[in-house]
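Engineer: Here it is, the structure in full.
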DNA sequence: GTAGTAACTGACCGCAAGTCATTTAATCAA
DNA sequence: TTGATTAAATGACTTGCGGTCAGTTACTAC
């Protein structure tokens, strides 16, 4: 009985094709400006068909965003599978997030919307669950690594690894969001180079977490 | 000839009344969900009239947001007009921003949208200019205070005041945004109390900036 | 009282999200 | 092979909202 299996595969394939089309359109136009008709045309399907696979435009958007989360997770995994000391790996994570910001800007921007409280109301429970799962995987990776840094004695033992992860992430994310939207403004009006700010602030935070100043 | 002056006052008054109505509706519904018809009804005017005073829904939104900036600026001014030492005032600014977050949550949320890069394209040049002016006033206040802290010798002289301001702001803003949307999630899944995280991270950053550990 | 002007109105337009009756294609049973 | 059944896909249609503008009302000046 290979037919139901084949059908299942084809359905999955179509879901992916729709996501490919959506990704192209969303990257070019953003959530607000992109239209379902455009995505349908890019997918060479009718608009109605899109709704057989995704409940709403926002769900489709989250589907693309989850791809972005997976890419980030894979980059983080790569950054931490070297033979370097744990403390260096933690530093690598920070650098890798910045690389993600530079190389996958469109995905990075999608994370904005996830932070908008009103966005959440327009999204299905299922997609929301998938997002949180993807999110959690990344957090766990970072927190576990910091815990290891504590166990190995490089990081001060009174540091809470989850709190530490949140601090590092909030700081770098906050600065990168500014880079994305207002880099020129900060340069011209305040005379601030945000890339330097990112480096400095991360160094300051690392400093406070390390046992020995290095 | 008091008639043109009176007309001008009435026009200004109407602008304010429209803003009052828009504020009520935007606070309740958010930018996306609120409709111009709702705002018109709240203002007891027809929809067309709104467009005689504001160019678009987004412009009206920014008009409300500027009120929020003014409130923040006044709170910051208040926090820095005490007789305490400069270094304490800087700390007060951080506390005041958190108070703003707690007491003026709806205004705080409006700042989100300003960070959305695609939002900017839908907004008139005039409003944008007003926003940047309001924004700049706040930055100037913070940066000047940090400069004073350097001059008085409490803050390490190699610190760049503008960079320092950006770091403090990015960090606290990033954490408060998380508080706003995902406080429960962080508590339950990661076991992290974001209020503690805010306090700790600010303490860490202050520490790195001070000449003497205090 | 009337001409002229500024303020205001709401029916209307265009566009886009989402729906659903209908059509098309694939599978199966006889 | 063919007719019945089910699944997949379609696109015309509904609904709702941002924005417009021809027409109305209210006020001012002469």
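Taken together, the values in this text are just the output of simple stated rules run on the coordinates, not laboratory data. Given the structure is predicted, the values throughout are model-derived calculations rather than measurements. Ideal geometry is used to build each Cβ from the backbone, glycine not excepted, and the neighbour counts take in all protein chains shown.
Engineer: Over all residues in A:168-180, what is the mean tally of Cβ atoms on other chains that come within 10 Å of each residue's Cβ?
Structural biologist: Partner Cβ neighbours, averaged per residue: 5.
Engineer: Then there's this: With a 10 Å cut-off between alpha carbons and a GNM built on chain A, which of A:123, A:197, A:189 moves the most?
Structural biologist: Evaluated over chain A, the most mobile residue of the options is A:189.
Engineer: What list do you get for B:64, B:166, B:88 if you sort them by fewest beta carbons within 10 Å? If you can, show how the numbers build up before the last one.
Structural biologist: On the way: B:64 21, B:166 27, B:88 14.
By the 10 Å Cβ count, ascending: B:88, B:64, B:166.
Engineer: Right, something else. Taking a label point 7 Å from Cα toward Cβ, how far is residue A:13 from its twins in the other copies, in nm, shortest first?
Structural biologist: For residue A:13, the other copies' label points sit at 7.1 nm, shortest first.
Engineer: Here is a further query. At a 10 Å Cβ-Cβ cut-off, how would you order B:95, A:180, B:212, fewest neighbours first?
Structural biologist: Values: B:95 13, A:180 17, B:212 8.
Taking fewest neighbouring Cβ atoms as first place, the list is B:212, B:95, A:180.
Engineer: While we're here: Cut-off 18 Å, label point 7 angstrom out along Cα-to-Cβ of residue A:156: give me the residues of the stretch A:178-214 whose amide nitrogen falls inside.
Structural biologist: Only A:201-214 pass the distance filter.
Engineer: Now for a different question. How fast does the stretch A:89-214 diffuse by Stokes-Einstein, in µm²/s, taking the Kirkwood radius from C-alpha pairs at 25 °C and 0.890 mPa s?
Structural biologist: D, rounded to a whole number, is 151 µm²/s.
Engineer: Could I ask something else about it? Average the reciprocal distances over every distinct pair of alpha-carbons in the stretch B:141-201, invert the result, and give the Kirkwood radius in Å.
Structural biologist: 13.1
Engineer: Across the Cα atoms of the stretch B:13-149, what radius of gyration and what greatest pairwise Cα-Cα distance (Dmax) are found, in Å?
Structural biologist: That works out to 16.8, 53 Å for Rg and Dmax.
Engineer: Follow-up question, since we're still on this one. Per residue of B:151-163, count partner chain C-beta atoms within 10 Å of its C-beta, then hand back the mean as an integer.
Structural biologist: Numbers: counts 0, 0, 0, 0, 0, 0, 0, 0, 1, 6, 2, 7, 10.
Mean inter-chain Cβ contacts per residue within 10 Å come to 2.
Engineer: Hey, another quick one. Using a 10 Å cut-off around each Cβ, can you sort B:44, B:38 from fewest to most neighbouring Cβ atoms? Walk me through the numbers before you get to the answer.
Structural biologist: Working: B:44 9, B:38 18.
So the ranking, lowest neighbour count to highest, is B:44, B:38.
Engineer: Please report the residue of chain B with the smallest beta-carbon distance to the B-to-A rotation axis, and give that distance in Å, no decimals.
Structural biologist: Spelled out, residue of B and its Cβ distance from the axis onto A: B:174, 2.
Engineer: Plugging the Kirkwood radius over Cα pairs into Stokes-Einstein for the protein assembly as shown, at a temperature of 20 °C and a viscosity of 1.002 mPa s, what D comes out in µm²/s?
Structural biologist: Numbers: Rh = 23.9 Å.
My calculation gives 90 µm²/s for D.
Engineer: Run lengths n ≥ 4 of DSSP H only: what is the helix-derived mean residue ellipticity at 222 nm for chain A, with -39500 (n - 2.57) per run over all residues, to the nearest 500? Could you put the intermediate results ahead of the total?
Structural biologist: On the way: 9 runs with 165 residues, N = 214.
It lands at -26000 deg cm²/dmol.
Engineer: Here's a follow-up. What is the spin-label model distance, in nm, from residue B:203 to residue A:188 if the labels are put 7 Å beyond Cα along the C-beta direction?
Structural biologist: The two pseudo-label positions are separated by 4.2 nm.
Engineer: How many partner chain Cβ atoms sit within 10 Å of a residue's Cβ in peptide B:181-189, on average, as a whole number? Present the calculation step by step, with values, prior to reporting the outcome.
Structural biologist: Details: counts 7, 6, 0, 0, 3, 4, 0, 0, 6.
Per residue, the average neighbour count from other chains is 3.
Engineer: I would also like to ask the following. Normalised by the residues of the stretch B:76-202, what does the relative contact order come to in percent, with Cα pairs under 8 Å and at least six apart?
Structural biologist: 21
Engineer: So the label point goes 7 Å from the Cα of residue A:33 along Cα→C-beta, right? Which residues of the stretch A:83-107 then have their backbone N under 18 Å from it?
Structural biologist: Backbone N within reach: A:105-107.
Engineer: Sketch the reach of a paramagnetic label on residue A:15 as a point 7 Å from Cα along Cα-to-Cβ, and name the residues of the stretch A:109-150 whose backbone nitrogen lies under 14 Å away.
Structural biologist: A:126-131
Engineer: Expressed as a whole number of Å, what is the distance separating the alpha-carbon centroids of the stretch B:138-214 and the stretch A:93-152?
Structural biologist: The stretch A:93-152 and the stretch B:138-214 have Cα centres separated by 22 Å.
Engineer: Between residue A:33 and the same site in the other copies, what are the distances in nm, shortest first, taking label points 7 Å from Cα along the C-beta direction?
Structural biologist: Copy-to-copy label distances at residue A:33, shortest first: 2.7 nm.
Engineer: While we're on this one: May I ask for the percentage of alpha-carbon pairs in the stretch A:1-52 that lie more than 16 Å from each other?
Structural biologist: 44
Engineer: So what is the relative contact order of the stretch B:1-109, in percent, for Cα pairs below 8 Å that sit 6 or more residues apart?
Structural biologist: 21
Engineer: How far apart are the residue A:121 label points across copies, placing each 7 Å from Cα toward Cβ, in nm, shortest first?
Structural biologist: Result for residue A:121, in nm, nearest copy first: 2.6.
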